[in-house]
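**Q** Submitted below is the structure of interest, expressed as structure tokens.
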Amino acid sequence: MKCCLVLPLLLFVFCPVLQAYRWSSTLEDNAHVSACVDGNVSFPWSMVTEGKEEKILDIDWLFQAPGKGNVSFATYVDGNFLTNKDRFTFIPNAGLFLQGAQSHDAGRYYVIVSLHDPKCRLTSAQRMVTLTVADRPPATQDDALHVTLRDAVRDDVTKDWTLQIHCGLFVDFGHPRSDVAWTTPSGEVRNSSYQDNGTFVLSVSSPVQGGNYSCQLAPSAPAAHCLPATSPLNAAAQLYVDDMDVRLSLLEARQRELISLHQDLKDDFFKQLTAELTNLTSQMSGLNEKMDYFLHNPKELIKKREYPKTCIKASAHSVTSEILPRGVTASI
């Protein structure tokens, strides 16, 4: 009994794990594939075995919808392809073909190949692909792209004025949502800075390079692939920017900013001066009221006066000496 247990263990330890297989380069791992609704999709997975006695034992395919777990939907065993989704067919030797893709087909697809030779079994040879299904292509107001130059805008971060180039006008960005790619006169490809009312905007900081600025639907946008081949949206739109005109435009923008700032300072100073004048006027009005009161009520002014104690004693003595008879004194 003890020998029977040791022998399989020795076989497991000394059996070489052969890696005599490789995936073909037709579809890389973690690749992204785009399709249009009702379009066909191919996942051309293929594995090449190099060992003479090594062969594929079985294949499993799994699907993962966004936010959900993996679900097995197809298998290949003993030369038979079995699936619960009739729109999928088998492509030798590990691929799949999807006919009439729908929105709910979007997600991740996994293939797991099990291999073995007469002595050892190899597992977990795996590949994954992400499928995006576009059900609506982008659309513009007149089925074409247009590039326009707008007034300069002040950047709150750099505190400088920037050139604003718009690409549009889109009435539908498509689904999944499409974006545009910009190409500058130097050939640099840039993403949009932001989106504004149906247009994609490229902000260009000073110094602005003169030349042609162009925009086109981003090649990576899945919905853009669903446009008809003759659609004008497949072409790039461009605008020539004269650097001298742009410099004048930016100078005018800065001048307007300075004029506005100067006017704001004048308004603030006037408001402050008006407030101080109002306060002084209020104080003068109060003083005039007091003066009028005391002019009409002089006794009240006398009551308000404060005399030194010596003056009060002297005054009281003189008054008393006039009232008392001669020879009579009063003590204060």
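**Q** Could you list, in sequence order, the residues of region 218-244 that are touching a residue at least 40 places away in the same chain (Cβ under 8 Å), out of contact with any Leu (no Cβ under 6 Å at 6 or more places or on another chain) and not in a loop (DSSP other than H, G, I, E, B)?
**A** PRO222, ALA223, HIS225, CYS226, PRO232, GLN238, LEU239, VAL241
**Q** Oh, and also: Quick check on region 174-214: of everything there that is acidic (Asp, Glu) and either part of a strand (DSSP E or B) or within 18 Å of the chain's Cα centre (by Cα) (or both), which residue is nearest to THR132 (Cα to Cα)? Full working, then the answer.
**A** Our first condition is that a residue be acidic (Asp, Glu); within region 174-214, this holds for 179, 188, 196.
Now narrow it down to the ones that are either part of a strand (DSSP E or B) or within 18 Å of the chain's Cα centre (by Cα) (or both): 179, 196.
On the way: ASP179: 15, ASP196: 26 Å.
Checking each candidate, the answer is ASP179.
**Q** For region 292-301: of the residues being surrounded by 10 or more Cβ atoms within 10 Å (Cβ to Cβ) and part of a helix (DSSP H, G or I), which is modelled with the lowest pLDDT? Explain how you work it out, then say what you get.
**A** Of the residues in region 292-301, the ones surrounded by 10 or more Cβ atoms within 10 Å (Cβ to Cβ) are 292-294, 297, 300-301.
Still in the list and also part of a helix (DSSP H, G or I): 292-294, 300-301.
Working: ASP292: 77, TYR293: 77, PHE294: 73, GLU300: 67, LEU301: 62.
Here the answer is LEU301.
**Q** Let me ask something additional. Within region 29-81, track down each residue that is among the hydrophobic types (A, V, I, L, M, F, W, C) and free of Cβ contacts under 8 Å to residues at least 40 places away in the same chain.
**A** Of all residues in region 29-81, those among the hydrophobic types (A, V, I, L, M, F, W, C) come to 31, 33, 35-37, 41, 43, 45, 47-48, 56-57, 59, 61-63, 65, 71, 73-74, 77, 81.
Answer for region 29-81, where residues must be among the hydrophobic types (A, V, I, L, M, F, W, C) and free of Cβ contacts under 8 Å to residues at least 40 places away in the same chain: VAL48, VAL71, PHE73, ALA74, VAL77, PHE81.
**Q** Inspect region 88-96 for any residue being part of a loop (DSSP other than H, G, I, E, B), exposed (fewer than 15 other Cβ atoms within 10 Å of the Cβ) and more than 36 Å from the chain's Cα centre (by Cα) and give the result as yes or no.
**A** Applying the first criterion (part of a loop (DSSP other than H, G, I, E, B)) to region 88-96 yields 92-94.
Narrowing the set further to residues that are exposed (fewer than 15 other Cβ atoms within 10 Å of the Cβ) leaves 92.
The next check asks that each one be more than 36 Å from the chain's Cα centre (by Cα); those that pass are 92.
Looking for residues that are part of a loop (DSSP other than H, G, I, E, B), exposed (fewer than 15 other Cβ atoms within 10 Å of the Cβ) and more than 36 Å from the chain's Cα centre (by Cα), one finds at least one in region 88-96, hence yes.
The values are calculated or read from the model by the stated rules, or taken from the named source; none is laboratory data. It should be emphasised that the depicted structure is a prediction, and the values quoted were computed from it without experimental measurement. For neighbour counting, all protein chains shown are included, and Cβ atoms are generated from backbone atoms with ideal geometry for every residue, glycine included.
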